[in-house]
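Undergrad: Here it is, the structure in full.
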Amino acid sequence: MKNKEKSEIGARALGKNIRASAMKIRRITDRIRGCSYGEALVLPESMPYKTCYLISQLILSAAANANTNFGLNKSDLFISEARVENSAYLRRFRPRAQGRGYPIRKPTCKVTIKSNSNFVGKGER
């Protein structure tokens, strides 16, 4: 059950049609889920993957959305949800023998980063 005095306010950032497979991005999002804002910015910088830059840009965007839309302090934020979903494939064709074409499927995915700020409101007495 939720505590009535405790409320969650947060914002999200959505990255669509990211040109990488969902499995490769999940390696990063699994590490940052549940981390504070500062820690979530530092973790992808130390990883050797190409998509770390994209994830850190989404973290910055979610924090900016929380600051602009709700007036939250960035130091109070944490990553409450990091979700990666498969999206449509880019389809290309490679020429093969005897005039045939061989399909090449280039995966894309959709990433959602939600940042929340937990604070205890003043209870009515």
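The values are calculated or read from the model by the stated rules, or taken from the named source; none is laboratory data. Since the model is a prediction, treat every value here as computed from it, not as a measurement. For neighbour counting, all protein chains shown are included, and Cβ atoms are generated from backbone atoms with ideal geometry for every residue, glycine included. Keep in mind that these areas ignore ligands, DNA and RNA; they rest on the heavy atoms of the full protein, side chains included. Shrake-Rupley method; radii C 1.70, N 1.55, O 1.52, S 1.80 Å.
Undergrad: Check Asn86 against each of (1) open to solvent by 30 Å² or more (accessible area, probe 1.4 Å); (2) closer than 23 Å to Lys16 by Cβ; (3) free of Cβ contacts under 8 Å to residues at least 40 places away in the same chain and name the one condition it does not meet.
TA: Result: Asn86 passes all but (3).
Undergrad: On to the next question. With under 23 Å from Ala20 (Cα atoms), among the polar types (S, T, N, Q) and either open to solvent by 70 Å² or more (accessible area, probe 1.4 Å) or touching a residue at least 24 places away in the same chain (Cβ under 8 Å) (or both) as the only criterion, which of Thr68, Thr108 stands out?
TA: Thr108
Undergrad: Another question about this same structure. Only one of these is under 23 Å from Lys106 (Cα atoms) and small (Gly, Ala, Ser): Ser80, Ser21. Name it.
TA: Ser21
Undergrad: What are the residues in region 49-91 that are small (Gly, Ala, Ser) and within 17 Å of Ser117 (Cβ to Cβ), if any?
TA: If the condition is that a residue be small (Gly, Ala, Ser) and within 17 Å of Ser117 (Cβ to Cβ), then Ser61, Ala62, Ala63, Ala64, Ala66, Gly71, Ser75, Ser80, Ala82 are the ones that fit.
Undergrad: Conditions first: (1) within 30 Å of Lys106 (Cα to Cα); (2) surrounded by 15 or more Cβ atoms within 10 Å (Cβ to Cβ). Cys35 passes all but one, so which condition is the exception?
TA: It is condition (1) that Cys35 fails.
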